[in-house]
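These notes are about the structure you will find just below.
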Amino acid sequence: MMTDLERKCCGGSPRSCISRLPDMDLFVLDQGVLRLARMVRDDILALQYDQEPGADMKEFRHAAYRQFVVWQYGRLGAGNRIVIPSCCVWRIRNTFQDPHDHYTGFIPNRL
């Protein structure tokens, strides 16, 4: 991970790591679930779905980060952010790879 803040462990052993739980595959990594979550979010926020060609992996990756946070912590509210354990970040990144390995990393607060 890029910063010390992002080097966060889930606290589980290799056998009980959050990133290896079956629920992670279902709630966070399933493309159908992520597609639906993106549609619901876009509808609630009244966003136009004007996706750039080839942006699918980035969209899935960002939706997976949001799904992980809701699954583990619930809704945080606007401007509230939390660091996702690095094991889970890598699992998401490995599933929805950027072709140029360009990842933004954790941004503490945009407000």
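What the chain shows is 69 Å² of accessible area per residue, with the surface traced by a 1.4 Å probe over protein heavy atoms. Stokes-Einstein diffusion for segment 72-111, with the hydrodynamic radius set to the Kirkwood value over Cα pairs and evaluated at 25 °C in a medium of 0.890 mPa s, equals 207 µm²/s. The translational diffusion coefficient of the chain, from Stokes-Einstein at 10 °C and 1.306 mPa s with a Kirkwood hydrodynamic radius over alpha carbon pairs, comes to 107 µm²/s.
Over the chain, DSSP H runs of length four or greater, each weighted -39,500 (n - 2.57), average out per residue to a 222 nm ellipticity of -12000 deg cm²/dmol.
A simple spin-label model places pseudo-atoms 7 Å from Cα toward Cβ; at TRP71 and HIS102 they are separated by 2.8 nm.
Converting phi to 3J(HN,Hα) with the Karplus coefficients 6.51, -1.76 and 1.60 and the offset θ = phi - 60°, segment 28-40 yields 10, 10, 6, 5, x, 5, 5, 4, 5, 4, 5, 5, 5 Hz in sequence order, with x at every glycine or proline.
The values are calculated or read from the model by the stated rules, or taken from the named source; none is laboratory data. Keep in mind that this is a model prediction, so the values were computed, not measured. Cβ sites come from the backbone with ideal geometry, for glycine too, and all protein chains shown count toward neighbours. For accessibility, only protein heavy atoms count, side chains too; no ligands or nucleic acids. Shrake-Rupley method; radii C 1.70, N 1.55, O 1.52, S 1.80 Å.
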